[in-house]
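K.L.:
The structure is given below, and queries will be raised subsequently.
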Amino acid sequence: MATLPVIAAEKLPRRRHRGLAKFMKNRAAVAGALIVALVVLVALFAPWLAPYDPVQASFMTVRKAPDAAHWFGTDELGRDVLSRMIWGARASLLAGVVSVGIAVAIGVPLGLLAGYFGKLVDGVISRLADALLSIPFLILAIALAAFLGPSLTNAMIAIGVSAMPRFVRLTRGQALSVKAEDYVEGARAIGLGDFRIIVRYILPNVLPPIIVQASLTVAMAIIAEASLSFLGLGQLPPAPSWGSMLNTAKDFVDQAPWMSIFPGIAIFLAVLGFNLLGDGLRDALDPREL
Amino acid sequence: MLRIIANRVLVAIPTLILVSMMIFGLQKMLPGDPVLAMAGEDQNPQVIAMLRAKYHLDEPVPAQYVLWMKDMLRGDLGASIRTDVPVTTLIAQKLPVTLQLAVMGMILAIGIGLPLGVLSAANKGRALDYGANVLALSGMSIPNFWLGIILIFVVSVRWHLLPSSGYVSPSEDFWMSIKTMLMPAFVLGAALGAQLMRHTRSAMLSVLRTDYIRTARAKGLLRGTVVIKHAFRNALIPIVTVLALLFGELLAGAVLTEQVFTIPGFGKLIVDAVFNRDYAVVQGVVLVTAVSFIVVNLFADVLYILLNPRLRRS
């Protein structure tokens, strides 16, 4: 009788390491991770990196074109565009991360409850998510920001609440499939309570797609914050944010195009970074995706 | 099949009720007492009582919701607190402008997204696929209001090719209307086209892997025939649903596009209302947006059933 070759358990690459190796092979994903790391570093070290005070107006240098002293030029109040962009990275990154944090903190537990308990709980939570999803993301965020009042904090709350139903749906779907697995049945059979089953067995297994979604949603949230600030519903002047910089820059596009060009490139790069990272994570964590 | 369609319609009803509750709830989030703000400086108790009764604010919140809902169902969305014009009139004035922008944006998005998605999937792993993917990812990452500002600078300010802002009705001057709307429609359609390209590519790739495509190729059919006649027709089914979902983004994108190009549409209406604290208008616009989004998705669901032979026969 032929014997099947036995592979030593330790020789098998662990799933996590396989995912990491796949991620590292994906050049676009690595580029995304590097861009994200760069934005994080710029945001963290803004006080040391910015050559000038981002809010200090200087009427001697109003709308100066880029030169050796001001690499990206100055704005309508003579403030250094590069310094405002460096500080603006904080607002954008904070908005992206905090609003996604809000969406995950509310959406994932609701999704877990809906998927695990089903029936009435699922019905109520799913309809609520459907209702929120039926209002386009940015329109809901604008309406919430309007009623809450314009500020960066309220913009983050508005974006977080608007993004939340995506996480409810995703987590619910994942929890539904995981709860039918044998190990969950086993945990139930040995008498573990619902709460422990959800936290110890279901949550860890639904995390990979949530991480992917979170990365892609940060990209969306950065655009949303920039959009709200552009409309005047996010970061309020004189504090810098890429969106609010574009809000004033649009009135000077003829005389000072640099005021528009550079903050836009910053938004584009940050969003591209998170999109590439999210795509790379998805490919690394889920081999079925194309 | 009829049962599936009826089921979809039934599911939409509680969603609509919940949406209306949330939009009603928005006004309760406002800090302070609206009646005290309306009563002015003298704060006459009689005026305050009269205003409370007029706006049903002396009733319990659930009763206020029922009364508000009754008005909504009658098509009465209230009136603008600034101009006293009924919200329905304002929406009826602005909606055609946004619809023109949305339709032109959608045509451009489909014109860019579908062919690129098909070509990209048919050439998976080749230079064309990479190029299309880079283009799509860039399209998704560029904020559309920034793209608008840059296009105004290049196309209008520098090259003097197209008008930078404003709106001309097609009934007034058809070609001028198309010309004025071309740049905003491109700005709106670019991000959508990018997303559509990615969805089309994904749908095409999953169809191209199926057995019947392999059979069609094995029969010796031309590659183009297999891709277009066999694969694309089947990949179109899920794309219908994606298009309906993108409709929501189209409306949201219109808000920013109209702001950049100063187009007096639906999106500008909500932004102006936000700054004028004209909450009835904000609520009305959000409600109409949500209802139209739900209805469009309902149509897409029904169309999906009609297009899909397996569901059609069930």
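What follows draws every value from the coordinates through simple rules; no lab data is involved. Only a predicted model underlies this, so the values are computations on that prediction, with no experimental measurement involved. Quick reminder, even Gly has a Cβ in these numbers, built from the backbone with ideal geometry, and neighbours come from all protein chains shown.
K.L.:
Once you have the alpha carbon radius of gyration of the protein assembly as shown, what is it after dividing by 2.2 N^0.38 Å, with N set to its residue count? Provide the component values of the computation, followed by the final result.
P.N.:
Working: Rg = 26.1 Å, N = 604, 2.2 N^0.38 = 25.1 Å.
Taking the Cα Rg and dividing by 2.2 N^0.38 Å, one obtains 1.04.
K.L.:
For the Cα atoms of chain B, what angle does the longest principal axis make with the long axis of helix B:61-73, in degrees from 0 to 90, nearest 10?
P.N.:
That works out to roughly 60 degrees.
K.L.:
Starting with the fewest neighbours, write out A:ASP75, B:ASP173 ranked by other beta-carbon atoms found within 10 Å of each beta-carbon. Intermediate values should be presented prior to the final figure.
P.N.:
Numbers: A:ASP75 25, B:ASP173 12.
Final ranking by Cβ density, sparse to dense: B:ASP173, A:ASP75.
K.L.:
Another question, if that's okay. Quick one: which of B:195-205, B:253-263 comes out on top by average Cβ neighbours within 10 Å, and what's the full order, highest first? It would help to have the intermediate numbers written out before the result.
P.N.:
Values: B:195-205: 23.1, B:253-263: 24.7.
The most tightly packed comes first, giving B:253-263, B:195-205.
K.L.:
So, one more: Taking K and R as +1 and D and E as -1, what net charge do the other residues with C-beta under 11 Å from the C-beta of B:LYS124 add up to? Write down the numbers at each step before the final one.
P.N.:
Values: positive: B:ARG126, B:ARG201, B:ARG209; negative: B:ASP129.
Result for the local shell: +2.
K.L.:
What nm distance separates the two modelled labels at B:VAL61 and B:SER171, each placed 7 Å from Cα along Cα→Cβ?
P.N.:
Simple spin-label model gives 4.4 nm for this pair.
K.L.:
Could you tell me, in Å, what Rg and Dmax come out for the Cα atoms of region A:98-145?
P.N.:
Final numbers for Rg and Dmax: 12.1, 34 Å.
K.L.:
Roughly how tilted is helix B:45-54, in degrees to the nearest 10 and between 0 and 90, from the longest Cα axis of chain B?
P.N.:
Value to nearest ten degrees: 40.
K.L.:
Please tell me the relative contact order of chain B in percent, rounded to the nearest whole number, where contacts are Cα pairs under 8 Å and at least six residues apart.
P.N.:
Numbers: 343 pairs, mean separation 80.6, N = 314.
Across chain B, relative contact order equals 26 percent.
K.L.:
Taking only the alpha-carbon atoms of region B:94-309, what semi-axes of the equivalent ellipsoid follow from 5 times the gyration tensor eigenvalues under a square root, in whole Å, largest first?
P.N.:
For region B:94-309, the semi-axes come out at 36, 21, 14 Å.
K.L.:
Right, here's the next one. How far is the Cα center of region B:1-52 from the Cα center of region A:63-109, in Å?
P.N.:
36
K.L.:
Springs between alpha-carbon pairs under 10 angstrom, Gaussian network model over chain B: which of B:GLY111, B:GLY267, B:GLY75 fluctuates most?
P.N.:
Highest fluctuation among the options: B:GLY75.
K.L.:
If you don't mind, there's one more thing I want to ask. Tell me the net charge near B:THR180. Cut-off is 11 Å between Cβ atoms, B:THR180 excluded, with +1 for each Lys or Arg and -1 for each Asp or Glu. The partial results should precede the final answer.
P.N.:
Numbers: positive: B:LYS179; negative: B:GLU172, B:ASP173.
So the environment of B:THR180 carries a net charge of -1.
K.L.:
Over region B:31-75, with a single point scatterer placed on each C-alpha, what log10 of the ratio I(q)/I(0) does the Debye formula yield at q = 0.28 1/Å?
P.N.:
-0.97
K.L.:
Provide B:TRP159, A:TRP258, B:TRP146 in ascending order of the number of other Cβ atoms located within 10 Å of each residue's Cβ, fewest first. Kindly include the intermediate steps, with their values, before the conclusion.
P.N.:
Details: B:TRP159 9, A:TRP258 20, B:TRP146 29.
With the fewest neighbours first, B:TRP159, A:TRP258, B:TRP146 line up as B:TRP159, A:TRP258, B:TRP146.
K.L.:
Non-local amide H neighbours of B:ALA79 (under 5 Å, H modeled in plane, Pro and chain starts lacking H): which ones?
P.N.:
The answer is B:VAL87.
K.L.:
Also: Roughly how many debye, to the nearest 20, is the charge dipole of the protein assembly as shown about its Cα centre, given +1 on each Lys and Arg Cβ, -1 on each Asp and Glu Cβ, and no other charges?
P.N.:
On the way: 52 positive and 36 negative charges, 608 e Å.
For this selection, approximately 2920 debye.
K.L.:
Going through the cross-link list A:LYS64/A:LYS250; A:LYS250/B:LYS268; A:LYS250/B:LYS28; B:LYS179/B:LYS268; A:LYS22/B:LYS124; B:LYS94/B:LYS179, which pairs have a Cα-Cα distance over 26 Å in this structure?
P.N.:
Working: A:LYS64/A:LYS250 16 Å; A:LYS250/B:LYS268 16 Å; A:LYS250/B:LYS28 35 Å; B:LYS179/B:LYS268 20 Å; A:LYS22/B:LYS124 19 Å; B:LYS94/B:LYS179 19 Å.
Checking Cα-Cα distances, A:LYS250/B:LYS28 exceed 26 Å.
K.L.:
Placing +1 on the Cβ of each Lys and Arg and -1 on the Cβ of each Asp and Glu in chain B, which of B:VAL9, B:VAL35, B:LEU119 has its Cα farthest towards the positive end of the resulting dipole?
P.N.:
Ranked along the dipole, the leading option is B:LEU119.
K.L.:
Follow-up question, since we're still on this one. What's the exposure ranking of B:ARG209, B:ARG277, going from fewest to most Cβ atoms within 10 Å?
P.N.:
Details: B:ARG209 11, B:ARG277 14.
Least crowded to most crowded, the residues run B:ARG209, B:ARG277.
K.L.:
What is the ratio of the Cα radius of gyration of region A:98-289 to 2.2 N^0.38 Å, where N is its residue count, to two decimals?
P.N.:
Working: Rg = 19.7 Å, N = 192, 2.2 N^0.38 = 16.2 Å.
Its radius of gyration relative to the 2.2 N^0.38 Å reference: 1.22.
K.L.:
Determine how many Å³ per residue the convex hull of the Cα atoms of region B:237-314 encloses. Could you put the intermediate results ahead of the total?
P.N.:
Working: hull volume 5.9 nm³, N = 78.
Spread over its residues, the Cα hull of region B:237-314 gives 76 Å³ apiece.
K.L.:
How far is it, in nm, from the label point at B:THR83 to the one at A:ASP53 when both lie 7 Å from their Cα along the line to the Cβ?
P.N.:
Computed distance between label sites B:THR83 and A:ASP53 equals 4.4 nm.
K.L.:
Now a separate question. Give the Cα extents of region B:60-209 along the principal axes, in whole Å, largest first.
P.N.:
Each principal axis gives a Cα extent; for region B:60-209 these are 63, 44, 26 Å.
K.L.:
May I ask for the net charge around A:TYR201, where only other residues with Cβ less than 15 Å from the Cβ of A:TYR201 are counted and Lys, Arg are +1 while Asp, Glu are -1?
P.N.:
Values: positive: A:LYS179, A:ARG188, A:ARG196, A:ARG200; negative: A:GLU181, A:ASP182, A:GLU185, A:ASP194.
That works out to 0.
K.L.:
Rg and Dmax in Å for region A:171-259, alpha carbons only: what are they?
P.N.:
Using the Cα atoms of region A:171-259, the pair Rg, Dmax is 22.9, 73 Å.
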